[in-house]
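Step one of this worksheet: look at the structure below.
The values are calculated or read from the model by the stated rules, or taken from the named source; none is laboratory data. This one's a predicted model, so the numbers in the text were calculated from it and none came from an experiment. All Cβ positions, even for glycine, are placed from backbone atoms using ideal geometry, and neighbour counts span all protein chains on display. The protein model used for the area step is the full one, side chains on, heavy atoms only, and it has no ligands, DNA or RNA in it. Shrake-Rupley method; radii C 1.70, N 1.55, O 1.52, S 1.80 Å.
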Amino acid sequence: MCDRPKNTDVRLRLPAVCFIWQTAMIILFGIFIRYDSESSPYWVEYKRDHNISSDAENDFYFRYPSFQDVHVMIFVGFGFLMTFLKRYSFGAVGFNFLIAAFGIQWALLMQGWFHSLDYSDGKIKIGVENLINADFCVASCLIAYGAVLGKVSPVQLMVLTLFGITLFAVEEYIILELLHARDAGGSMVIHTFGAYYGLSISWMLYRRNLDQSSRLQGSVYHSDVFAMIGTLFLWMFWPSFNSAIANHGDGQHRAAINTYLALASTVLTAMAISSLFQKHGKLDMVHIQNSTLAGGVAVGTAAEFMLMPYGSLIVGFCCGIISTMGYIYLSPFMEKHLKIQDTCGIHNLHAMPGVIGGIVGAITAAAATEPVYGSEGLIKTFGFEDHFEHRTPAEQGGYQAAGMCVALCFGIGGGIIVGCILRLPIWGDPADDNCFNDEVYWEVRDKSLHMAAQTTKSPG
Amino acid sequence: MCDRPKNTDVRLRLPAVCFIWQTAMIILFGIFIRYDSESSPYWVEYKRDHNISSDAENDFYFRYPSFQDVHVMIFVGFGFLMTFLKRYSFGAVGFNFLIAAFGIQWALLMQGWFHSLDYSDGKIKIGVENLINADFCVASCLIAYGAVLGKVSPVQLMVLTLFGITLFAVEEYIILELLHARDAGGSMVIHTFGAYYGLSISWMLYRRNLDQSSRLQGSVYHSDVFAMIGTLFLWMFWPSFNSAIANHGDGQHRAAINTYLALASTVLTAMAISSLFQKHGKLDMVHIQNSTLAGGVAVGTAAEFMLMPYGSLIVGFCCGIISTMGYIYLSPFMEKHLKIQDTCGIHNLHAMPGVIGGIVGAITAAAATEPVYGSEGLIKTFGFEDHFEHRTPAEQGGYQAAGMCVALCFGIGGGIIVGCILRLPIWGDPADDNCFNDEVYWEVRDKSLHMAAQTTKSPG
Amino acid sequence: MCDRPKNTDVRLRLPAVCFIWQTAMIILFGIFIRYDSESSPYWVEYKRDHNISSDAENDFYFRYPSFQDVHVMIFVGFGFLMTFLKRYSFGAVGFNFLIAAFGIQWALLMQGWFHSLDYSDGKIKIGVENLINADFCVASCLIAYGAVLGKVSPVQLMVLTLFGITLFAVEEYIILELLHARDAGGSMVIHTFGAYYGLSISWMLYRRNLDQSSRLQGSVYHSDVFAMIGTLFLWMFWPSFNSAIANHGDGQHRAAINTYLALASTVLTAMAISSLFQKHGKLDMVHIQNSTLAGGVAVGTAAEFMLMPYGSLIVGFCCGIISTMGYIYLSPFMEKHLKIQDTCGIHNLHAMPGVIGGIVGAITAAAATEPVYGSEGLIKTFGFEDHFEHRTPAEQGGYQAAGMCVALCFGIGGGIIVGCILRLPIWGDPADDNCFNDEVYWEVRDKSLHMAAQTTKSPG
C-alpha cells in the first residue's frame, strides 16, 4: 500500500487540517479558557484582598523575560537549527513555525485540563506560566520533527504534533503530579520524551532508498551559518529555559547559573572531540551546531537543585563528549543497523543527554541534605508539602528515576503508535528520491539554485 | 520635470541632511530634553518622598524587557523582513537602520512636546516609556518604507520620516489625548496611519515603467531565509509590542496573552489560504513572511481589553485569511488599477489588519460591562478618570471609531502631501529600470552577484 | 624559526588544550566557587533575616533581562559581526563561541578572586552579577580577536583568551577597586584594554605577505547581510550592556537612556561620512557594520553619570565621524606604516571610541555638582562612601583619567608579551597565503564555494 507513486499535493489536505483544527481550538477556547487572577481586570481587587503591595508581585514580571527567551528558542532556535540542509531551509523554519503555532494552542488546552482547571467553574485559568508551559510542550514535538526533517509532509507534522502534545500532557501529569518528580528544565518530560517519540516515528517511517536523495542531504556554506543562528539562540537562552518555571527567587537564580556553566563546559569538550576524531583535526559544523547544546539538556532536571557550579561543569563536560561521539559513531550505526534515520541527530542532542539529565536529577535529589539546602529550602525546592510532606530526599530520588521511565515509555510507545498512523498513504509525504527538497511543498522561484542542485548532483 | 535622466549621486545631499538634522537634534535636545524623576539621581529622594519602598517600583523594571523586545522588532524585525529582495538587502536593513535612528530622536521631541512636557520648567522629561513610544512612532514610518522599498533614495526616506513622525505625533495626540481613545498596540495610531501614509506616497510616486526592474524583483533562496529572521522576531516579540505601554499588572499581562493567541491562530489560516490558492498546494514564502503577522496588528487596540482568549483566536483566524487573500488578489489589482505599487504588501499586512484592529477595539470597548471588568478594572482599563469619569463604554466605543477615522485621514492626507514633496526631482531617486538595486546607493564589491543578476535577466 | 612551512593540523593541540583547561576549571570551581546568598536555598532565611519582603528584591530580577541581552551581544553580536569575510564565517562565529565559552569560566574565577571572595570561608560566591561581569570580561578578548581574525589558529585564540582574561582581572581590580574609578559600560576596562591588547598582538604577529590571501579578504553579498545581524544585535542591546551593572533604579535607567541616544546619533554621522568620502556617495557596508556602534563604546564610562541627553548625542555625533574616518584613512595607514593589520578595524570601533569614552567619563565626573546630582545622588552615583567619602568630583575626574592610563598600559604591555608567546611556532597558525580561509580548520563540504573562490581570484 505504501509503494504507490506518491502524491505530494497537499492543496486540500493541509488547508482542511488547518481550518478544522483551528476552528476546534476557537470552540474549545470559548468553552474552557479564561484569564487567571493575575491577568484579569480583577487583579486590582485581588491585590487588595491578598495584601499584595505592588504590581511588581504579578507573576508576569517574574516570568515574562524568561518567557520571551523561551519563545525565541522555540521559533528561531529550533527553526534555524534545522536550516542546515542545503535545500530545506523553508521547510525547516516554515513547518517549525506552523506546528509550533498550532501546538501552543492545543497545549494550553491539554495542559490546562490537567494542571490549571478551576473546579469551581470548570474553566482553565491562564497566565504567563501557562504560555511558558505551552512553549515547553511544543518543544518536545519540535525535537521529534528533527528526526523526520525533510521526510514528511506538513500534514504528517500536524498529526505528529496533535498526538505529541496529547501524550506529553498525560506523561507530564503522571511525572510531575502523580509521581511528584521535579523537572524544571524538562530533561525527562521534554527532551527524553520528545526524542524517543521522534526516533520511534522515524523508525516506523524507515525509508529504504533514502540515499536516492543524497544529493540534497548535507549543507552548503551559508546554510551552515544560518543554522548557527539557531544554535546560538538556543545556547544563549537555555538558562532562561531551565529557569523559566523554577521557583521565584533563588530557584530561578540557581537554575540560570547551573545552565550557564553546563553549557560553557559542553562547548569545549564538543569542540575537542570534533577535532580529535576528524582528519587533520578539522572541526565539523554538525558537531558545533548540535553537541554544544547537550549540556543544557542534561542539566535540565537538576538545574534548580544544589548541583553546585562544579557539578554543572562536570555534567556539561561529559555530555559534550558523549553527544559528539554519538554523531561520529552512533548515528551511522543506528541508520545502518537499527533502521533509524535521524536527520538532525536528535538521539545525540536530546535523547542521550535527556536520559543523563534524568539520572543526574535523581542522584542529586537523592543526595539532598538539610545542611546543604536548609530546612525551609529543602521543602521549597522539592515541594515536600501537603501530600508529600513526609517524603525523604532518597525517596524523591526514586520517584525521579520512575519519572524517567515514564518519559521513555511514553516516548517509545507513543512514537510507534503515531508512526503507524503516519504510514497511512493519505498524508502526502514525498518519495524516497525527493526528500529534503523544498520544491515539493514550496514555491521556489530561484531557479539558479535548482540548477546548482542538479550540477552538484553529478560530482557530489 | 520628473522625466530628466536621474542623478542618483547622493554624495552631498545625504551627508548634508544627516549632519544638519543631527545638529538640530542636539540643539533641541539641549533646550528641551531632561531625565524624568525615575531616571535622575534625585530618584533616591523621590522614592523617600513618595513612600516607595523598593527600586523594583522604578518604571524601568516594569517596561525595560518589553522595550528591548520592541527595539529588536524595529531594527531586526522590520529591517530583515524587507531583505527578501534578491539585491536590495543592504538597502532594506541599512536604510531601515538610518531612518529609525533619526526617527527615534525626532519622535522623542515631537511626542515629548505633546505628552511629556513639564509646564513648570518647559522641559520634556524622558524615561523608558518615552523610549518605547519613540520606537512605536518610528514603526509607522518603517511600515511606510515597506510600500516604497527599492524605489526611493535615502534622502527621500529621511524626508518621509521627518514628516511621518510629525504627523504621527499630532494624530496620536488627537486620538489618545483629545478623543481619549485607547490604543495600546497601535492598530490605529501606528499601523493604520503608517500603512495609508506609505500607500499614499507610493501612489504619488507611481512608476509607469517599473517592470523594467523586474529582473531585480522577487527573491533568491537565501534572501527568503533572511526575511524569515525578520518575520520571526516580529512574530515572537509582538506580545511585548502590544503590552509594552499597557497598564502595569493585569494590563500588560493580558495584552501579552491576547497577542500570543491571535498570532498563533493567524499562522494556521495564513498557511491554509496560501496552500489552497496555489498550484499543487505549494506554500508561498511571501505569505508566510507577512500574513502570519496580521493577527498581531489586528489585536493591537483591543489587546488590553477583555477580548477573551477565544476572541483573540477569532481575530487572528480572520486576519490570516484576509491578509493572505490580499496578497493573492488585492495587491495585483491595486498595482494594475489603482496605480499603487506596494513592494512589501503593507496594505495586506498593516492597512487592512490595522483597520480591523480599530473596529475590534471599538466593538470590544463598547461591549465592556462592569461584571466582566469589575468596577475598578473598568475605570483603570479605559482610563475613566478626571475629565472622562462620566464616559460610558458605549461612548468609548464611539470615540474609538472616531480615532480610527482620524488615523485614516492623517495617513491618506499626509501621504499625498508628502508624496508631492517627494516628487520633486532633487532627492536622487533611481530610474525605473534601476529600482530594487543596491548598487545605486551602496558599494557592492561582490561582482559574481552582479553577473548572476545579469544572467537571470535573460530567461527571467 | 617562524619561516618553516606551517603545520595547521591542530588535531592533538586543540583537544589537549580544551580537555586540560576544562578539567582545571572543574577542579578550581570545585575548590572555590559556591552560590551566593541570593542564589542559594538559604535565600528564604536570608530574606527573613534581612527583612526583605519580596522575591522581587532578588538581584536576579533587576539584572537578568540585561544579562541575557549582554549574552546575546557576546555570542551572536560579536560572532556575527565578524562573519563578513567571504570564507571565514565558520571561524568567526565558531571560534568566537569557543573562546567565549572558555573565557566566561576563567573570568568567574579570576574576577571572583579579586572581587567576590568571601574571606570567611575562602570561597567565591556567585550570582547573576558575576555572570554579567564574566561576559564583560570575555568581551575584551573578543574585541582582541577582531584584530587577528583569520590569521591565527584556535589554539592561539585560547592562549590569547587565557592571558587576556587574567590581565583584564588585574587591570579591572586596579581601576575599579584601587583607583575607585567608575566604568559601568567599560569604555576603559573593556574596550580600551581589549582593543590595544588585540592591536599589540596583531603588531607582534605582523604578516609581511598577507596580500597573498587577498583573494579571501573582503566580503560577498550574503556575508555582509550576516554581519548586519551582529551589528544590529550589538547596537540594540548596547543600552543593556552599559546599564547591566549600574546601580539599581535611576542608575540603570539613566545608563540605558544615554546609550540609546548616543547610538542613534552615531548612525547618522557614520552614514554621512561614509557617503561623503566615497565615489558617487555610495555607502560602504564596512562603515555601517562597525562605525554605527562607536557611540555605544564612547558613552560606556559616563552612561550612568549626568551626561544629559544632549551630551549623549554629542558623544555619538563625534564618534560616528571619527570612527568612519578611521576606517577610511587610519586603517590603511596603520597597515602600511605601523605594521598593524587590523582585520575588523577594532582601532576605529573600540580603541579610539574607548579612549574618548574614558576622557568623557573623566570630564563628566570632574564636572559633577551637588545641584545636578543631589547630595545623596552624588554619593550613590560615584560611590563616595567608606574609604572614599571625602573624595571630591574633581579628584574623581583625576582618578578616572588615571584609570584610562592603566587600561592603555595593560592593553599595550600585555599584548606585546602575549604576542611574543603567540609567535612561537607551535600553535598551528596558517601561512600567509592561507589566511581568512575556513578550510584550514573546518570541514567545508561545499565545493562549489571552493570553485567560486578560485574563480574570483583571477579577476579580483
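Checking C:M236 against (1) outside any helix (DSSP H, G or I); (2) within 30 Å of C:T381 (Cα to Cα), which single condition isn't satisfied?
(1)
Of the residues that make up region C:238-256, is at least one under 30 Å from C:F436 (Cβ atoms), more than 7 Å from chain B (Cβ to nearest Cβ), in contact (Cβ under 8 Å) with a residue 60 or more places away in the chain and not hydroxyl-bearing (S, T, Y)? Write out each step before concluding.
Initial filter on region C:238-256 (under 30 Å from C:F436 (Cβ atoms)): C:238, C:241.
Keeping just the survivors that are more than 7 Å from chain B (Cβ to nearest Cβ) gives C:238, C:241.
Checking the rest, the ones that are also in contact (Cβ under 8 Å) with a residue 60 or more places away in the chain come to C:238, C:241.
Within this subset, residues satisfying the condition of being not hydroxyl-bearing (S, T, Y) are C:238, C:241.
Yes: region C:238-256 contains one or more residues that are under 30 Å from C:F436 (Cβ atoms), more than 7 Å from chain B (Cβ to nearest Cβ), in contact (Cβ under 8 Å) with a residue 60 or more places away in the chain and not hydroxyl-bearing (S, T, Y).
Only residues that are assigned to a helix (DSSP H, G or I) and aliphatic (A, V, I, L, M): list them for region A:65-97, please. So that I can check it myself, show each step before the final result.
Within region A:65-97, the subset assigned to a helix (DSSP H, G or I) is A:65-84, A:89-97.
Of everything in region A:65-97, those that are assigned to a helix (DSSP H, G or I) and aliphatic (A, V, I, L, M) turn out to be A:V70, A:V72, A:M73, A:I74, A:V76, A:L81, A:M82, A:A92, A:V93.
Against the condition more than 19 Å from B:F62 (Cβ to Cβ), in contact with a Cys (Cβ under 9 Å, 6 or more places away or on another chain) and buried (at least 18 other Cβ atoms within 10 Å of the Cβ), how does A:M25 come out, does it pass? Please lay out each step first, then the result.
On the way: more than 19 Å from B:F62 (Cβ to Cβ): yes; in contact with a Cys (Cβ under 9 Å, 6 or more places away or on another chain): no; buried (at least 18 other Cβ atoms within 10 Å of the Cβ): yes.
Judged against the criteria, A:M25 is not a match.
Please list, ordered by first then second residue, the pairs with beta carbon atoms under 8 Å, 6 or more apart or interchain, first in region C:70-83 and free of Cβ contacts under 8 Å to residues at least 60 places away in the same chain, second among the aliphatic types (A, V, I, L, M).
Sorted first by the residue in region C:70-83, then by its partner, the pairs are C:F75/A:L232; C:F75/A:M236; C:F75/C:A100.
Taking into account only those residues within region C:309-340 that are more than 20 Å from C:M204 (Cβ to Cβ) and among the polar types (S, T, N, Q), which is nearest to the chain's Cα centre (by Cα)?
Ranking the candidates gives C:S323 first.
Filter region C:179-212 for residues that are among the β-branched types (V, I, T) and closer than 24 Å to C:I245 by Cα and give the result.
Filtering region C:179-212 for residues among the β-branched types (V, I, T) gives C:189-190, C:192, C:201.
Those that are among the β-branched types (V, I, T) and closer than 24 Å to C:I245 by Cα: C:V189, C:I190, C:T192.
Which ones in region C:84-106 are under 18 Å from A:M228 (Cα atoms), without any contact (Cβ under 8 Å) to a residue 40 or more places away in the chain and either more than 7 Å from chain A (Cβ to nearest Cβ) or aliphatic (A, V, I, L, M) (or both)?
The first filter runs over region C:84-106 and keeps only residues under 18 Å from A:M228 (Cα atoms), leaving C:84-101.
Subset that is without any contact (Cβ under 8 Å) to a residue 40 or more places away in the chain: C:93, C:97, C:101.
Within region C:84-106, C:V93, C:A101 meet the criteria.
Here is a yes/no grid of residues against (1) within 9 Å of chain B (Cβ to nearest Cβ); (2) of a type in the set (A, V, I, L, M, F, W, C); (3) buried (at least 24 other Cβ atoms within 10 Å of the Cβ):
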position	(1), (2), (3)
C:L276	yes, yes, no
C:G281	yes, no, no
C:A294	no, yes, yes
C:V299	no, yes, yes
C:S312	yes, no, yes
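Restricting the search to region A:210-224, which residues are over 22 Å from the mean Cα position of the chain (by Cα) and either facing chain C (nearest Cβ under 8 Å) or part of a loop (DSSP other than H, G, I, E, B) (or both)?
A:Q217, A:G218, A:S219, A:V220, A:Y221, A:H222
Suppose we keep only residues that are free of Cβ contacts under 8 Å to residues at least 24 places away in the same chain and not in a loop (DSSP other than H, G, I, E, B) within region C:388-412. Which one would you say is least open to solvent (accessible area, probe 1.4 Å)?
The initial filter retains those residues of region C:388-412 that are free of Cβ contacts under 8 Å to residues at least 24 places away in the same chain, namely C:389-390, C:392, C:395, C:405, C:409.
Next, only the ones that are not in a loop (DSSP other than H, G, I, E, B) stay: C:395, C:405, C:409.
Values: C:E395: 91, C:C405: 72, C:C409: 90 Å².
The qualifying residue least open to solvent (accessible area, probe 1.4 Å) is C:C405.
Does any residue of region B:45-62 turn out to be of a type in the set (S, T, N, Q), facing another protein chain (nearest Cβ under 9 Å) and within 25 Å of B:S291 (Cα to Cα)? Steps first, answer last, please.
Initially, region B:45-62 is screened for residues of a type in the set (S, T, N, Q), giving B:51, B:53-54, B:58.
Those still in the list that are facing another protein chain (nearest Cβ under 9 Å) too: B:53-54, B:58.
Pick out the ones that are also within 25 Å of B:S291 (Cα to Cα) and you get none.
Scanning region B:45-62 turns up no residue that is of a type in the set (S, T, N, Q), facing another protein chain (nearest Cβ under 9 Å) and within 25 Å of B:S291 (Cα to Cα).
Pull up region A:63-105, narrow it to residues that are over 15 Å from the mean Cα position of the chain (by Cα) and open to solvent by 10 Å² or more (accessible area, probe 1.4 Å), then point me to the one that is farthest from A:C435 (Cα to Cα).
In this case the residue turns out to be A:R63.
Looking only at region B:6-18, decide whether some residue is assigned to a loop (DSSP other than H, G, I, E, B), touching a strand residue (DSSP E or B) at 6+ places or on another chain (Cβ under 7 Å), of a type in the set (D, E, K, R) and more than 8 Å from chain C (Cβ to nearest Cβ).
Step one: of region B:6-18, the residues assigned to a loop (DSSP other than H, G, I, E, B) are B:6-12.
Next, from what is left, pick out any that are touching a strand residue (DSSP E or B) at 6+ places or on another chain (Cβ under 7 Å): none.
Scanning region B:6-18, I find no residue that is assigned to a loop (DSSP other than H, G, I, E, B), touching a strand residue (DSSP E or B) at 6+ places or on another chain (Cβ under 7 Å), of a type in the set (D, E, K, R) and more than 8 Å from chain C (Cβ to nearest Cβ), so the answer is no.
List, please: which pairs have Cβ atoms under 6 Å, are six or more places apart or on different chains, and start with a residue in region C:118-132 that is under 15 Å from C:W43 (Cβ atoms) and within 11 Å of chain A (Cβ to nearest Cβ) and end with one that is surrounded by fewer than 23 Cβ atoms within 10 Å (Cβ to Cβ) and of a type in the set (S, T, Y)?
C:K125/C:S116
List, please: which pairs have Cβ atoms under 9 Å, are six or more places apart or on different chains, and start with a residue in region C:304-331 that is within 20 Å of C:S240 (Cα to Cα) and end with one that is open to solvent by 30 Å² or more (accessible area, probe 1.4 Å) and of a type in the set (K, R)?
Short answer, once both residue conditions are applied: C:E304/C:R182; C:F305/C:R182; C:M308/B:R34; C:P309/B:R34.
Identify, by number, the condition in (1) acidic (D, E); (2) in contact (Cβ under 8 Å) with a residue 60 or more places away in the chain; (3) assigned to a helix (DSSP H, G or I) that A:D183 doesn't meet.
Going through the list (1) acidic (D, E); (2) in contact (Cβ under 8 Å) with a residue 60 or more places away in the chain; (3) assigned to a helix (DSSP H, G or I), A:D183 breaks only (3).
Got at least one residue in region B:416-435 being exposed (fewer than 15 other Cβ atoms within 10 Å of the Cβ), under 26 Å from B:N258 (Cβ atoms) and within 25 Å of the chain's Cα centre (by Cα)?
Looking through region B:416-435, none of the residues is exposed (fewer than 15 other Cβ atoms within 10 Å of the Cβ), under 26 Å from B:N258 (Cβ atoms) and within 25 Å of the chain's Cα centre (by Cα).
Out of C:A184, C:A255, report the one residue that is at pLDDT 95 or above and open to solvent by less than 10 Å² (accessible area, probe 1.4 Å).
Numbers: C:A184 fails: at pLDDT 95 or above.
Just one listed residue meets the conditions, C:A255.
Take C:Y35 and tell me if it is facing chain A (nearest Cβ under 8 Å) and either closer than 24 Å to C:E172 by Cα or hydroxyl-bearing (S, T, Y) (or both). Give the steps one after another, and end with the answer.
Working: facing chain A (nearest Cβ under 8 Å): yes; either closer than 24 Å to C:E172 by Cα or hydroxyl-bearing (S, T, Y) (or both): yes.
Yes; evaluated as a whole, the condition is true for this residue.
Those residues that are open to solvent by 10 Å² or more (accessible area, probe 1.4 Å) and either modelled with pLDDT under 95 or not in a helix (DSSP H, G or I) (or both), I need them from region B:342-363; list them, please.
B:D342, B:T343, B:C344
With the requirement that a residue be in contact (Cβ under 8 Å) with a residue 60 or more places away in the chain, among the aliphatic types (A, V, I, L, M), part of a helix (DSSP H, G or I) and closer than 19 Å to A:A401 by Cβ, what does region A:364-387 give you? Show your work before the answer.
We begin by selecting, within region A:364-387, every residue in contact (Cβ under 8 Å) with a residue 60 or more places away in the chain; these are A:364-365, A:368, A:372-373, A:377, A:380-383, A:387.
Keeping just the survivors that are among the aliphatic types (A, V, I, L, M) gives A:365, A:368, A:372.
Restricting the remaining residues to those that are part of a helix (DSSP H, G or I) gives A:365, A:372.
Scanning region A:364-387 gives a single hit, A:A365.
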